[in-house]
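The values are calculated or read from the model by the stated rules, or taken from the named source; none is laboratory data. Keep in mind the model is a prediction, meaning the values are calculated, not measured. Glycine gets a Cβ as well: all are built from the backbone with ideal geometry, and neighbour counts include every protein chain shown. Heavy atoms of the whole protein, side chains included, go into the accessibility calculation; ligands, DNA and RNA do not. Shrake-Rupley method; radii C 1.70, N 1.55, O 1.52, S 1.80 Å.
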Amino acid sequence: MTERIPVRDTTPIKVHKPEPAKQEKRYSSRSRIYVRSVEGKFENIRRFFGLIFMGMFAVLPWFQYDGQQAILLDIMNQRFSIFALTLWPQDLTLLAYTLIVSAFALFFVTTFAGRVWCGFMCPQTTWTFIFMWLEERFEGARNKRIKLDQRPMDFDKFWRKSAKHASWVLVALLTALTFVGYFTPIDALFINFFTFDASFWAGFSVIFFTVCTYGNAGWMREIMCTHMCPYARFQSAMFDKDTFTVSYDAKRGETRGPRPRKLAHEDLADKGLGDCIDCNLCVQVCPTGIDIRNGLQYECINCGSCVDACDGVMDKMGYPKGLISFTSEHELNGGTTKIIRPKLVGYFIVLTVMVSLLTFDIVTRVPLELDIIRDRNSLYRENNDGFIENVYTLKILNKSQQDYRYKISVLGFEEVDFIGDTEVFVSAGEVYSQPVSVAINPDLLTDPVMDMTIRVEVIGDDNTSIAVEEPTKFLSRR
Ligand code: SF4
Ligand code: SF4
């Protein structure tokens, strides 16, 4: 019997190659965005938040607490001081709680009000707006800047460009010095940097962050938001139809088009016109260069500049404001925004729980840690007095910012021979390590493995009652 297997020719007939023109377009170079400055409610809000955060960022590392820098994240010595709180690698749970709280705060705010973090509080936006403000001081408003860039180099263009870049570098340098000042004593850093006496790593870090700030806020700007920031990519997962985002009311705005200034709002419908006069101001003020009239786009950072610009236009035309506004999809379609909804409530509950846990962890934190490490060479031994002896290494970590004397005691047995120092002195931030022996009368040992507790407490300071108790085991042959 012969049966033939059907064969089909699957060789690709034609390999598609993009046309050169299309290839060029796909990888076309970035066209520069000349952002027009705008005044309005949201610009004022951004300046307000910008000033607060910039002020805090600049001033906080200069605060002193208890004779030392109040906020010092000393990575080399693995010690983070934040006013009265000193954190060590052992306090990693606090860092984990803080990150979880930050993440859920971001989820909550984004679900409620879209990317307002990006538009109003993100350092990239704050610094970009500062750099744009400086640019306008030296090169003028948007139209002047376009003309300046188009004309050949002359003295006027040269000094304007030089002054702009010098001011950018100065702001970037101060930013970098302040930022690095959170990780190393800031007063010494400023002096050492300007006297060329800074260590290699301090100098390198300052120059590195200066270049980053100058590059990000001066040159890259919206590229950071649209191509590099991961938050832009996953924000849409948090949006729903009740999220407030900057939106254009197409029903009201279309058909867009120019019209005489004196055309009354009531007569627009007769002329087949909507409220949008197609002035393009909303596009010119956008720091990411998009046209919000094309709908919600991932490049939009919810900065509200287009809202301010359009409200100004509506005001001049005598039309109601709000053609572009912070609104929800439901509201845009004629419905109402549901503020209390399951997703938002869920985020709020998790956020509240995590904030409570973080607060509890900070409030109940004891600035003292005791690690008990058993001797692995011998489980127990009998000493010359016939007592059973166990050997441990005690590690006492003084997590406070003060030196303390500590008393060591053993709990769990009526009679104990403690061989080792019962009082020790540990400097702030230091670890004291000592091998000790605990010997117990065998008549008191009822089991081969018995519970025992070692207690360490501060002595010689009536104002403090810092103490920790750590359980361990006492082994014998019984
Ligand atoms: S600013 Fe307002 S009126 Fe002008 S183009 Fe934009 S949406 Fe239309
Ligand atoms: S579209 Fe409007 S809100 Fe969005 S980034 Fe541009 S100016 Fe800001």
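Once the convex hull of all Cα atoms in region 179-243 is built, its volume per residue stands at 130 Å³. Across the cross-link table entries 41/144; 241/321; 251/338; 41/164; 262/338, which are compared at the Cα atoms, the separations over 30 Å belong to 262/338. With a 1.4 Å probe rolled over the protein heavy atoms of all chains, the accessible area of 298, 404 falls in the order 298, 404, largest first.
Count Lys and Arg as plus one, Asp and Glu as minus one, and take only other residues whose Cβ is under 11 Å from that of residue 285; the net charge is then -1.
Amide H contacts for residue 400 (H built 1.01 Å from N in the peptide plane; partners 5 or more residues away or on another chain; cut-off under 5 Å): 429. Based on protein heavy atoms only, the chain ends up with 59 Å² per residue of surface accessible to a 1.4 Å probe.
With contacts taken as Cα pairs under 8 Å at a separation of at least 6 residues, the chain carries a relative contact order of 14 percent. For residue 79, the amide hydrogen comes within under 5 Å of the amide hydrogens of 74, counting only partners 5 or more places away or on other chains and with H modelled in the peptide plane. Ranked by solvent-accessible area (1.4 Å probe, protein heavy atoms only, all chains present), the residues 345, 171 order from largest to smallest as 345, 171.
Taking the square roots of 5 times each eigenvalue of the Cα gyration tensor of region 245-332, largest first, gives ellipsoid semi-axes of 22, 13, 11 Å. Measuring nothing but protein heavy atoms, the accessible surface of the chain at 1.4 Å probe radius is 61 percent carbon and sulfur. FRET efficiency for the residue 379 to residue 68 pair, using the beta carbon distance and R₀ = 51 Å, is estimated at 0.70. Other residues within the sphere of radius under 14 Å centred on the Cβ of residue 68, judged by their own Cβ, net out at -3 (K and R +1, D and E -1). Scalar couplings 3J(HN,Hα) for region 407-421, obtained by applying the Karplus form with A = 6.51, B = -1.76, C = 1.60 to θ = phi - 60°, are 9, 10, 9, 10, 10, x, 9, 5, 10, 9, 9, 9, 9, x, 5 Hz; x denotes Gly and Pro. Within the chain, helices built from complete DSSP H runs that reach 24 Å or longer along their own axis (Cα positions) and carry a mean Kyte-Doolittle hydropathy of -1.0 or higher are 41-59, 92-113, 155-180, 342-363. Hey, what D do you get for the chain in µm²/s if you plug the Kirkwood alpha-carbon radius into Stokes-Einstein at 25 °C and 0.890 mPa s? Answer, rounded: 85 µm²/s.
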